[in-house]
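Worksheet: the structure to be examined is printed underneath.
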Amino acid sequence: MKLKQLSVFLENKPGRLRELCALLAENGVNIITLSLADTEQFGILRLIVKDYDKAKALLEEKGFVAKLSDVIAVEVKDEPGGLSEILKIEEASGISVEYMYAFTIKSGENAVLLFCFDEMDKAVTALQSAGLNVLESVELYQRAEG
Amino acid sequence: MKKFVVENRIWDKEESLPRAELAALQGAKLKETVARVQNVPLYKEAFSKSGIAPEKINSLDDLKRLPFTTKADLRGHYPLGMLAVDRSEVARYHASSGTTGKPTMVAYTQNDLKTWANLCARFLTGGGLLPEHSVQIAFGYGLFTGGFGLHYGVERVGASVIPAAAGNTPKQIMLMMDMQVDALVCTPSYALSISEFILQSDISRSALNLKHAHFGGEPWTEDMRVRIEDEMGILCFNNYGLSEVIGPGVSGECAVRDGMHISEDAFIVECINPETLEPVAPGEEGELVFTSLCKEAMPIIRYRTRDIASLNLEPCACGRTTARMSRVTGRSDDMLIIKGVNVYPSQVEQALLRVEGTAPHYLIEVDRPDRKDVATVKVEMTEKSFSSSMKELQELKDKIDRAIQGITGLRMNVELVSPNSLERFIGKAQRVVDRRRG
Ligand SMILES: [Zn+2]
């Protein structure tokens, strides 16, 4: 029920992000979505790609620090209230959000919210028992490419 | 495994003299030393300038009237300009490893060699060596003072020497097992290689009879001690010396292992601020300065070692009354003054070692934008220290910040940078960019 996310350390220097995206594109790695969290001095780029092992190897070869970690993808209707419903469920279970970001799947009107929680397994159980659609990675990749 | 315990033994009565008696002894020996060097050109000139003569040296207090001797002075008198005896009286030569250019030659008379062996016997005894032990010496034998110094020290204790010399790790381990060696003498970094090899080759610890080790020849850390002791199941003792002063035998740890006892009947130690040359308070870090009181061939007056350490004058639980020096934490050549505080790059390195997952690659940048010093430490990100969570990276920065502040007493900006983005060096690394000057 968990999804692999590739995080990359980026120093805030002009051109680094462009360089990284070009590298993945040249090697046929399709970025399903990305999110950049940054400070004045550095940033963390979080990527969802299907070939995460290949992407990680490519980036490391070019001197980037990259790390794989788990996130949870939840599909919600792209309308107000979707996020707050999830936050309410997690709050009730005593789980907190480390970070989150969102994207829209091309083929539908639904949004996908990506979460990192402090207690991932507990979070999945809580979301599923509340009847939410926690996406499998295969399904996410298919629909994103859909 | 039966844990080896070091019994508290003292080799010479000079190691536990009442401090006043020691000071009187030092004063008398200082007078003799000044007499011995008065015809050495470097000292002859300095003494005549400031009106120093042996008869004017009456106590230890007169030490501060004597000039300092630097490495450059010794270089300037290469090879034997510092010799205080006729060459025919010299029994042996050694040299310090010069990283650049020519080495510094040092010389010993027969008496000097006896003194030296005895000084080594002191710290070996302090670290548990007994006459019935066999000791493997895995130091280089040659111009380097480590091999021969320890060799004769071990013999002086009455123990037996296996002069394995450095290198050929499988053979070292074979000897250690077959000869059931009790103690190992080498550099701490070589001990790490030996330990690694033992672990990799699946040699059972019970095949070895090793109980303790005496490390010297390079600075090392408490973390290394813990690691080697855990891996090898032995006790490791630190000792210190430098060829310009005598070689190993200047100081070494006792069973208490809380600082290295300096053989003060043989050397006067001072700890000074390398900028002002004024003494620092006990417990404060400064540059160590040694004056030999026991040497004939090449006595040395107030030699500036450039080694940074602190002194502890409190009596030790082992019964020795001699001053103890801390580990060497840096070199005075590298000292920076930031906001009026003395900082050594090695302290930043030490701080980084305390933060798990950080790389030993760093750069300190110092600027003075508004007449105030600002120091920034750039630390490379590693796969281990990187996290997808901003909160965790901020925590990492805070941890580094606190570790640096804890060791240096200074607040520095911490910047996380990409791996391999800082320049790599072969040999001595350039860790500081100081933009405050010009
Ligand atoms: Zn002691």
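The values are calculated or read from the model by the stated rules, or taken from the named source; none is laboratory data. None of the values given here were measured: they were computed from a predicted structure. Please note: Cβ atoms are built from the backbone with ideal geometry, for glycine as well, and neighbour counts cover all protein chains shown. Only protein heavy atoms, including side chains, enter the accessible area calculation; ligands, DNA and RNA are left aside. Shrake-Rupley method; radii C 1.70, N 1.55, O 1.52, S 1.80 Å.
The spread of Cα positions in segment A:2-69, taken along each principal axis and listed from longest to shortest, comes to 30, 27, 18 Å.
The mean count of C-beta atoms from other chains within 10 Å of the C-beta of residues in B:388-400, rounded to a whole number, is 4. Convex hull volume of the Cα atoms of segment B:1-90, normalised per residue: 201 Å³. B:Met105 exposes around 40 Å² of accessible area when a 1.4 Å probe is run over every protein chain in place.
For B:Cys316, A:Cys21, the ranking by accessible surface with the largest value first comes to A:Cys21, B:Cys316, using a 1.4 Å probe. The simple spin-label model puts a point 7 Å past each Cα toward its Cβ; for B:Gln394 and B:Arg205 those points are separated by 4.4 nm. Legend: helices of chain B (whole DSSP H runs) are marked when their alpha-carbon atoms reach 24 angstrom or more along the helix axis and their mean Kyte-Doolittle hydropathy is at least -1.0; marked are B:19-37, B:110-126, B:390-408.
With the cut-off at 1.5 for a/c, could you classify segment B:121-185 from its C-alpha gyration tensor as rounded, prolate or oblate? In terms of gyration-tensor shape, oblate. So what is log10(I(q)/I(0)) for segment A:71-145 at q = 0.23, 0.25, 0.27, 0.28 1/Å, when the Debye sum runs over its Cα atoms only? For segment A:71-145, the Cα-only Debye profile gives -1.07, -1.25, -1.41, -1.48.
Averaged across orientations, what area in nm² does the convex hull of the alpha carbons in segment B:339-394 project?
Values: hull surface 19.4 nm².
Result: 4.8 nm².
Between the Cα long axis of helix A:120-129 and the first principal axis of chain A there is an angle of about 40°, rounded to the nearest 10. Sort out for me the Cα centre separation of segment B:49-105 from segment B:309-331, rounded to whole Å. Using only Cα atoms, the two centres lie 25 Å from each other. Packing order of peptides A:23-30, B:414-421, highest average first: B:414-421, A:23-30 (average count of other Cβ atoms within 10 Å over each peptide's residues).
Each 10 Å bin from zero up to the one holding the largest Cα-Cα distance in segment B:241-287 carries the following percent of pairs: 24, 45, 30, 1.
Ranking A:Met100, B:Met390 by solvent-accessible area of protein heavy atoms (1.4 Å probe, all protein chains present), from largest to smallest, gives A:Met100, B:Met390.
State the percentage of accessible surface on the protein assembly as shown attributable to carbon and sulfur atoms; use a 1.4 Å probe and exclude ligands, DNA and RNA.
On the way: 13360 of 26710 Å².
Summing carbon and sulfur atoms, their accessible area is 50 percent of the total for the protein assembly as shown.
Relative contact order, whole percent, for segment A:36-146 stands at 26, derived from Cα pairs under 8 Å and 6 or more residues apart.
With contacts taken as Cα pairs under 8 Å at a separation of at least 6 residues, chain B carries a relative contact order of 13 percent. For the protein assembly as shown, just say rounded, prolate or oblate: build the C-alpha gyration tensor, square-root its eigenvalues into a ≥ b ≥ c, call rounded for a/c under 1.5, and beyond that prolate if a/b exceeds b/c, oblate if not. Prolate, because a/c is 1.5 or more and a/b exceeds b/c. A Förster distance of 35 Å, applied to the separation of the beta-carbon atoms of B:Arg436 and B:Arg19, puts the FRET efficiency at 0.25.
Cα-Cα over 21 Å: which of B:Lys49/B:Lys295; B:Lys29/B:Lys102; A:Lys2/A:Lys62; B:Lys44/B:Lys295; B:Lys29/B:Lys114? Walk me through the numbers before you get to the answer.
Numbers: B:Lys49/B:Lys295 24 Å; B:Lys29/B:Lys102 32 Å; A:Lys2/A:Lys62 28 Å; B:Lys44/B:Lys295 18 Å; B:Lys29/B:Lys114 17 Å.
Result: B:Lys49/B:Lys295; B:Lys29/B:Lys102; A:Lys2/A:Lys62 exceed 21 Å.
Among B:Arg324, A:Arg16, the order of accessible area from largest down is A:Arg16, B:Arg324, computed with a 1.4 Å probe on protein heavy atoms.
Other protein chain C-beta atoms within 10 Å of residue C-beta, averaged over B:208-217: 0. Our estimate of slack between B:Glu132 and B:Asn168, defined as 0.36 nm per intervening residue step minus the Cα-Cα distance, is 10.3 nm.
Using Stokes-Einstein with the Kirkwood hydrodynamic radius over Cα pairs, what translational diffusion coefficient do you get for chain B at 37 °C and a viscosity of 0.692 mPa s, in µm²/s rounded to a whole number?
140 µm²/s
Overall shape of segment B:336-437 was characterised from the C-alpha gyration tensor. The equivalent ellipsoid obtained from it has semi-axes of 22, 16, 13 Å, in decreasing order. Rounded to a whole number, what is D in µm²/s for chain A from Stokes-Einstein with the Kirkwood radius over alpha-carbon pairs (4 °C, 1.567 mPa s)? Taking Rh from Cα pairs, D becomes 81 µm²/s. By the rule of a C-alpha distance below 12 Å, with chain neighbours fewer than 8 residues away ignored, the aspartates and glutamates paired with A:Lys67 are A:Asp53, B:Glu383. Ranked from largest, the principal axis spans of the Cα set of segment B:216-301 equal 42, 31, 20 Å. Inter-part distance, segment A:1-66 to segment B:253-271, computed on C-alpha centroids, equals 55 Å.
Of the Cα atoms belonging to segment B:286-343, the radius of gyration and Dmax stand at 14.5, 44 Å.
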